[in-house]
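Novice: For reference, the structure I am asking about is given below.
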Amino acid sequence: MEGFYADLEQRLENLREEHLFRELKSVTGAIGKWVEIKGRRLLNLSSNNYLGIACHPMLKTAAIQGVQQLGCSATSARLIVGNYELYDQVEKDLARFKDTEAALIFNSGYTANVGIIPALAGRGDIIISDKINHASIIDGIRLSGAEFLRYKHIDMVDLERCLKKAEGYRGKLIVTDSVFSMDGDLAPLPEIVKLKEKYGAVLMIDEAHGSGIFGENGRGLAEFYEVTDRVEITMGTLGKAFGCSGAYVAGRKVLIDYLRNKARSFIFTTGLPPSVLASVQAALQVVQQEKWRREEVLAKAAWVRDELTEAGFNLLNSECQIIPILVGDNAATLAFSRRLFDVNILAMAVRPPTVPLNAARLRLTIMATHSNEELAWAVEQIKQIGRELAII
Ligand code: PMP
C-alpha cells in the first residue's frame, strides 16, 4: 500500500520539477470581470464568460425560478424520468438559434465530444482531426476505435493529403474546433467544407468558443462564414459565452434522433438540473437581444491585440477574444503570471499538455464588460512586466 502512495508522490515531484504541478485558486464571491482571490481584487483576464452574462439578472432570475418550480435535480437520466418539458423547450430554442432542425443538450462540452464522436464513427471508419483540437475531441476519437489521422494545424494541403489517405474507409469524419481554444485563431471553414465535399467526408465542428461571439446572430463561426447548412454536426458549449453550463449538438432531426439513441455520455448520466436549463433559456434571449456584447468583445480584443503586437509580443495568429501571449518556457510563463497577479491582474499560465512542449503561454480572454480604461491599464502592466522579464 505504501508503495502506491510513494509512487504517486514521486510522480507529483516530477511535475513540480518541470513546473507542471497544478493547484486550484479559490475565488471568493462571484466571478465577474473582477475576482477576489486570497483577499486581492484582480482584473479577470482568464474566464470564458466572454459576454459577461454569467451574473446577468435575467439568467439569475430564471435559475431561481427553475429551482422554485422544479427543484434541484433531474433525478435520473433523461431517457428514464429526468426529461423535464423544459428540456424540450430549450432544445427547440437552441435549434432555432442555430438555425437547424433539432438540438440535443449534453451535461458539458467534454461529455458531448466523448459521446458524439464514438456514436458516429467506429471500427472501419476514419477520423481526420486538426492537430491542436481540444482534448475532449481527442478523447472522443480514442474512444471511438476508428482510424485516426491528424493534419497540421489549419493546413489545408495537409488536410487534403489525409483525405486522400482515407480513400476506401467506410465513413470519413473531419473534426475541428471552429475557434481554437488556446491559440485564438480560426478554422478556415469554407475551405474545409469544400474539401469534405470533394472527398465525400462528413464535418463536425466544435463551436465552444465561436457560439455567441461570431456571426450576425451570434450563431458561431459557421454563420460568420455562411456555411451553416454545409456542416453536418455542430456542437457548442453553454458554459462560456452563454454564462451557464452544459453543451449541445445541433443539426438535422435524424442526426439528433440517432445521437439520443447512441451517445453513451448522453444516455448514461443524470440530466442537468432545472436551474441550469432555465438559465440557458434566458441566456439565449440575452445573446440574441444584446448584440452589443459580441460587437464589444471583438472590438476590444482587436484593440488589445494591436497594442500587444506593437509592443513586440508573439500572439500567434489570434483573431478573436482569446489572446495567447507566447512565452515558451514553463517557469518563465509562471513567473509572468505571478508578477501580473502581484499587480492585481489574473492572467493564467497555460502549460503542456494543454499546449505543446515549449509553447507555454498566458491565455488572455477579453470580456464585453471590460471597460476601455481597465484594458488600457492591463495592457500597460503587461508591457512593463514583459519588458522586465525580457519577454519583449
Ligand atoms: N471544446 C472546446 C474547444 C473547449 O475549449 C472546451 C472547454 N475548454 C470544451 C470543448 C469542453 O467544454 P466544457 O467546459 O463545457 O466541458
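The values are calculated or read from the model by the stated rules, or taken from the named source; none is laboratory data. As the structure is a prediction and not an experimental result, all values here were calculated from the model. In this analysis, Cβ positions are derived from the backbone assuming ideal geometry, glycine residues included, and neighbour counts consider all displayed protein chains. Ligands, DNA and RNA are stripped out before the accessible areas are found, and what is left, the full protein with its side chains, is counted by its heavy atoms. Shrake-Rupley method; radii C 1.70, N 1.55, O 1.52, S 1.80 Å.
Novice: Which Cα, out of N49, Q384, I345, lies furthest along the positive dipole direction of the chain (beta carbon charges, K/R +1, D/E -1)?
Specialist: Highest projection toward the positive end goes to N49.
Novice: Follow-up. Taking a probe of 1.4 Å, how large is the accessible area per residue of the chain, in Å²?
Specialist: Here the residues of the chain average 46 Å² of exposed surface.
Novice: May I ask you to rank D229, D125, D7 by accessible area, largest first, using a 1.4 Å probe over the protein chains only?
Specialist: Listed by decreasing accessible area, they come as D229, D7, D125.
Novice: For segment 1-140, what is the largest minus smallest coordinate of the Cα atoms on each principal axis, given in angstrom and ordered from greatest to least?
Specialist: Its Cα atoms span 54, 51, 35 Å along the three principal axes.
Novice: Right, another one. With a 1.4 Å probe and every protein chain left in place, tell me how much accessible area D155 has, in Å² to the nearest 10.
Specialist: 50 Å²
Novice: Over segment 299-392, consider all pairs of different Cα atoms and compute the Kirkwood hydrodynamic radius from their mean reciprocal separation; express it in Å, one decimal.
Specialist: Evaluated on segment 299-392, it is 13.2 Å.
Novice: Taking only the alpha-carbon atoms of segment 196-267, what semi-axes of the equivalent ellipsoid follow from 5 times the gyration tensor eigenvalues under a square root, in whole Å, largest first?
Specialist: 20, 19, 9
Novice: Something else about it: Residue by residue through segment 240-255, what is 3J(HN,Hα) from phi via Karplus (6.51 cos²θ - 1.76 cosθ + 1.60, θ = phi - 60°)? Round to whole Hz and write x for glycine and proline.
Specialist: Rounded to whole hertz, the list is 10, 4, 7, x, 10, 6, x, 7, 8, 10, 10, x, 5, 4, 5, 5.
Novice: Roughly how big is the chain's charge dipole about its Cα centre, with Cβ charges of +1 (Lys, Arg) and -1 (Asp, Glu), in debye to the nearest 20?
Specialist: Dipole magnitude for the chain comes out near 520 debye.
Novice: Then there is this: Report the equivalent ellipsoid semi-axes for segment 76-167 in whole Å, largest first, defined as the square roots of five times the eigenvalues of the gyration tensor built from alpha carbon atoms.
Specialist: 31, 16, 11
Novice: Please identify, among N261, N133, N344, the residue showing maximal mean-square fluctuation in a Gaussian network model of the chain using a 10 angstrom Cα cutoff.
Specialist: Evaluated over the chain, the most mobile residue of the options is N261.
Novice: Something else: Report the Rg/Rh value for segment 241-375, based on alpha-carbon coordinates and the Kirkwood definition of Rh.
Specialist: 1.07
Novice: Counting only the heavy atoms of the protein chains, how much of R351 is accessible to a 1.4 Å probe, in Å² to the nearest 10?
Specialist: 20 Å²
Novice: How much length is gained on full extension from K165 to L79, taking 0.36 nm per residue of separation minus their Cα-Cα distance?
Specialist: Result: 27.0 nm gained on full extension.
Novice: Name the residue farthest towards the positive end of the dipole of segment 18-122 from the options T75, T28, I64, assuming +1 on Cβ of Lys and Arg, -1 on Cβ of Asp and Glu, about the Cα centre.
Specialist: Of the candidates, T28 comes out farthest on the positive side.
Novice: Just to be sure I understand: with springs between alpha-carbon atoms less than 10 Å apart, which residue in S181, S26, S337 has the highest mean-square fluctuation in the Gaussian network model of the chain?
Specialist: Result: S26 has the largest fluctuation of those listed.
Novice: Using just the helices of the chain, give the 222 nm mean residue ellipticity in deg cm²/dmol: DSSP H runs with n ≥ 4 each add -39,500 (n - 2.57), and the total is spread over all residues, rounded to 500.
Specialist: -13500 deg cm²/dmol
Novice: Right, another one. So, with a 1.4 angstrom probe, what is the percent of accessible area on segment 56-100 that is carbon and sulfur?
Specialist: 56 percent
Novice: Identify, among A201, V249, V227, the residue whose Cα sits farthest towards the positive end of the charge dipole of segment 193-262, taking +1 on the Cβ of Lys and Arg and -1 on the Cβ of Asp and Glu, with the dipole about the Cα centre.
Specialist: After comparing all options, I get A201.
Novice: Okay, next question. Note down the magnitude of the dipole of segment 322-392 about its Cα centre, charges +1 on Lys and Arg C-beta and -1 on Asp and Glu C-beta and zero elsewhere, to the nearest 20 debye.
Specialist: With only Lys, Arg, Asp and Glu charged at Cβ, the dipole is about 260 debye.
Novice: Give me the one-decimal nm value for the distance between modelled label points at W377 and D329, 7 Å along each residue's Cα-to-Cβ direction.
Specialist: If labels sit at W377 and D329, their model points lie 3.1 nm apart.
Novice: If segment 286-349 were replaced by its equivalent ellipsoid, with semi-axes equal to the square roots of 5 times the Cα gyration tensor eigenvalues, what would those be, largest first, whole Å?
Specialist: Those come to 26, 15, 10 Å.
Novice: Compute, for segment 186-344, the length of the dipole vector about the Cα centre, with Cβ point charges of +1 (Lys, Arg) and -1 (Asp, Glu) only. Units Debye, rounded to 20.
Specialist: Roughly 660 debye for segment 186-344.
Novice: Starting from one equal scatterer on each C-alpha and no solvent at all, send me the Debye-based log10 I(q)/I(0) for the chain at q = 0.08, 0.15 Å⁻¹, two decimals.
Specialist: -0.44, -1.44
Novice: Moving on to the next point. Of M204, M156, M182, which is the most mobile in a GNM of the chain whose springs link Cα atoms less than 10 angstrom apart?
Specialist: With Cα springs under 10 Å in the chain, the top fluctuation among M204, M156, M182 is at M156.
Novice: When Lys and Arg each count +1 and Asp and Glu each count -1, what net charge do the other residues less than 12 Å away from L298, Cβ to Cβ, add up to?
Specialist: +2
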